[in-house]
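Below you'll find the structure, written out as structure tokens, and then a few comments.
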Amino acid sequence: MLPPNIESAFVAALSREQVMTDADVLALYSHDETPRACLPLAVLFPREQNEVVALMRVAMAHGVVLVARGAGSGNVGGALPAPQSVVVSFECMNRILEVNAADRYMVVQPGVITAEIDRVAREHGLFYPPDPGSSAYCRIGGNLAMNAAGPRAVKYGVTRDYVLGLRAVTGTGQLIQTGCRTTKGVTGLDLTRLLVGSEGTLALITEATLKLLPAPEARATLRVCYASNADACRAVARVMSQDVVPCALEFMDRQSIAAIQAAGAATDLPAGTASLLMVEADGVADDLPRQVAALQQALAGEGMLELQQATDKDAVTALWLARKSLSHAVKLIAPLKINEDVVVPVSRLTELVVYIEQLAAEYILPIVSFGHAGNGNLHVNIMVDPADAVQMQRAKTALRLLFAKVLALGGTLSGEHGIGSEKRPYVDMEIDAATLDIMRRIKSQFDPDNLLNPHKLLPDAG
Ligand SMILES: Cc1cc2nc3c(=O)[nH]c(=O)nc-3n(C[C@H](O)[C@H](O)[C@H](O)COP(=O)(O)OP(=O)(O)OC[C@H]3O[C@@H](n4cnc5c(N)ncnc54)[C@H](O)[C@@H]3O)c2cc1C
């Protein structure tokens, strides 16, 4: 229970209705997309930046740990409350403060839903490229903290590439302003890039200036079927080594295909399809046929069973909806999804998928893989039953082997989901002790009392 004097201090900093301690509210904010939960002591709902400064000062005065929260759609425990912590939900800081179409930027509060940013940008002939599968409900503050990405990252990059500047409140209660509103600017150290991806461990982000691009005029979608995962991944490598960069290059293995078919999409695939690529090109309408021809040429090769250019808008929408719901759909396969998000250089993707098939066979585990193949980014889902201790042990072993393989192939442990609490035990497989030490010292500069999302992202020293 939140001690009454601390509750009163938070109420004085915000207002009575912005400090919630009801049991049902605490339960609602006790988890993210991971299967873990921890009840917070309270949930705070700031509406303005100065309220974030005020609540941080209360936390400092009383040594209260704060865990920032967007929509709670993260799948690594980033927004999972620490024991005895208070959640700061940014959902009421949900205003778009400025759209500057001439200079192509938008200023937003952290609680704005990601898809809303793109929707409003398009009203001005612009668009906001980062498009996580959760964009219909996740919030930009969460995207910034996780450096989220999505299918369009293959051509347009990730959240970090679209942040011109930030305002944030550090663990010392200081409001800082980073970056600028121009697309060039090198004054000072680049704290904007540092805060993006810092998972709520350095500062509470209260405002962001986002870069927008002119919206592409037209888009073409290809659906390509292959006889094996390796055939599809070889095609991905061919696509990514020629001149036309697709704006999406998504991979699905056989079990992912079964999951989207269960959702009513792609029910007309040729017999023998073991792997599917969704490929999109965008740009000026007159140029699309040239792009499509180049992509078709690269996609054709051993094991290709069918290549269709989707002309039916409804079928394309259904395919994307099914693809974006895969993260939830695969949960029907087993009670628990160990959800990984590894990345390897695109030229090594075939080696990775073949290795995953070997791991699945050797450790007798259903493993479902899909993801942003154009970036070499695969969501590898090991489906398990937590009640089966022997299977859980096999999964644990397979997971460490998977990470070791990814690193040996020149890859990284997480492409977009982040580290949170779930992947912390593995971070030192990738980052050496000296580099981790500098990261910890940066954390202590921003947050000397370790009040902001402690025990996340970086492993504890020693
Ligand atoms: C179906 C599904 C599909 C997904 N697809 C993708 C995908 O394609 N790409 C992708 O990258 N991710 C994806 N995700 C993961 C998740 O949606 C992203 O990580 C997203 O960025 C989280 O946003 P959120 O608002 O839910 O943040 P939360 O989960 O609430 O929080 C995430 C982290 O951000 C921190 N945080 C939140 N707000 C702030 C703030 N204002 N200041 C400081 N820190 C803050 C939290 O403390 C936490 O560490 C998917 C998840 C689901 C469930």
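Given axes a ≥ b ≥ c from the Cα gyration tensor, I'd like to know whether the range 260-324 is rounded (a/c under 1.5), prolate (a/b larger than b/c) or oblate. Oblate, since a/c reaches 1.5 and b/c is not below a/b. In the structure shown, the pairs K337/K423; K423/K443; K337/K396; K324/K423 are assessed against 20 Å; a Cα-Cα span above that value is assigned to K324/K423.
In terms of its C-alpha gyration tensor, the range 218-317 has an oblate overall shape, because the principal axis ratio a/c (a ≥ b ≥ c, square roots of the eigenvalues) is not below 1.5 and a/b does not outweigh b/c. Each stretch of four or more DSSP H residues adds -39500 (n - 2.57); spread over every residue of the chain, this sum gives -10000 deg cm²/dmol at 222 nm. Per residue, the average separation of C-alpha pairs within less than 8 Å and at least 6 apart gives the chain a relative contact order of 16 percent.
Here the spin labels are modelled as points 7 Å beyond Cα on the Cα-Cβ line, and at D287 and S325 they lie 3.5 nm apart.
For the range 251-318, averaging the sequence separation of C-alpha pairs within contact (under 8 Å, six or more residues apart) and dividing by the residue count gives a relative contact order of 31 percent. Roughly how many nanometres apart are two label points built 7 Å out from the Cα toward the Cβ at E357 and T172? My value for the distance between the label points is 5.6 nm.
Stokes-Einstein at 4 °C, 1.567 mPa s, Kirkwood radius from Cα pairs: D for the range 96-214 in µm² s⁻¹?
Estimated diffusion coefficient is 92 µm²/s.
Counting Cα-Cα pairs of the chain in 10 Å increments starting at 0 gives whole-percent bin shares of 4, 20, 29, 26, 16, 5, 1. For the range 355-462, the list of GluC sites (Glu not before Pro) that fall in a loop by DSSP and count at most 11 other C-beta atoms within 10 angstrom is empty.
The lysines within cross-link reach of K184, meaning a Cα-to-Cα straight distance under 17 Å and a gap of 8 or more places when in the same chain, are K211. Residue-wise HN-Hα couplings along the range 337-342, as the Karplus relation 6.51 cos²θ - 1.76 cosθ + 1.60 with θ = phi - 60° gives them from phi, are 10, 8, 9, 9, 8, 7 Hz; Gly and Pro carry x. Each residue, A404 and K184, gets one label point 7 Å from its Cα in the Cβ direction; the gap between the two is 4.9 nm. Look at the alpha carbon pairs under 8 Å that are at least 6 residues apart: their mean separation over the length of the range 4-89 gives a relative contact order of 36 percent.
Send over the semi-axes of the range 4-89's equivalent ellipsoid, whole angstrom and largest first, taken as the square roots of 5 times the C-alpha gyration tensor eigenvalues. Don't jump to the answer; show the numbers that get you there.
Numbers: eigenvalues 89, 32, 27 Å².
Calculated on Cα positions only, the semi-axes equal 21, 13, 12 Å.
Let me check I have the definition right: for the range 333-425, take the eigenvalues of the Cα gyration tensor, multiply each by 5, take square roots. What are those semi-axes in whole Å, largest first? Walk me through the numbers on the way to the answer.
Values: eigenvalues 87, 41, 27 Å².
Over the Cα atoms of the range 333-425, the semi-axes work out to 21, 14, 12 Å.
No lab work stands behind these numbers, since they all come straight from the coordinates. Everything numeric in this text was worked out from a predicted model, so none of it was measured. Ideal geometry is used to build each Cβ from the backbone, glycine not excepted, and the neighbour counts take in all protein chains shown.
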